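The values are calculated or read from the model by the stated rules, or taken from the named source; none is laboratory data. This structure is a prediction, so every number in the text was calculated from the model and none was measured. Quick reminder, even Gly has a Cβ in these numbers, built from the backbone with ideal geometry, and neighbours come from all protein chains shown. The protein model used for the area step is the full one, side chains on, heavy atoms only, and it has no ligands, DNA or RNA in it. Shrake-Rupley method; radii C 1.70, N 1.55, O 1.52, S 1.80 Å.
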Amino acid sequence: MKAADRLALVTLSRAPWDLGPLTPRQIAGKVIEPVTTVDPKTGKTSNPNGVIRTRRETWVERYLRKGKLSAAQANAAEQLAEAAQGRRGRDMLAAMVKVDTSASDFDPAVAHLDRRRRFHAMWAAIPASCRPAVEHVVLNDHSLRSMAGCNSGKAEARYLDRLQRGLEALTR
């Protein structure tokens, strides 16, 4: 059987809404959820047209949804990730864009340094034994199972404990 013949046998149902490209790399980490509206009179939610949307879900959000992290730990992880934006030079376009500061007192360079200072203060509060797990999940957005040496449920529980203890140190 030729490749063209095999492709002709494959049928995919069309999604009711445009979800963008559906390649494995594009859908990795995405969550499909309905778009609901709340009726102000009754307070009920409804989705009469069946509208759906996709959004990226970080590993911290997944662990929060599954109950592996508390809300306080997830908030600390979000603050650490935001502060880490000052540590890395990921956004090259922001460096090239000229910001008109005449209308406000906002200075992007000062904001960058403040985030960087906050990141280093937060990073120093995390115990050294917990830093690899926190960096892997919070800063790099990878699962605990993808860490080196995490090849069993017992190892995953050990790394999850380190992640929880590291984020708990930020909530104090």
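So here's what we get for this one:
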{"item": "Which numbered condition LYS68 misses (of (1) closer than 15 Å to VAL138 by Cβ; (2) open to solvent by less than 50 Å² (accessible area, probe 1.4 Å); (3) at pLDDT 70 or above)", "result": "(2)"}
{"item": "Hey, LEU163 touching a helix residue (DSSP H, G or I) at 6+ places or on another chain (Cβ under 6 Å), open to solvent by less than 70 Å² (accessible area, probe 1.4 Å) and more than 16 Å from GLU82 (Cα to Cα) or not", "result": "yes"}
{"item": "The stretch 40-63, subset open to solvent by less than 70 Å² (accessible area, probe 1.4 Å) and under 20 Å from ASP141 (Cβ atoms), residue modelled with the lowest pLDDT", "result": "THR54"}
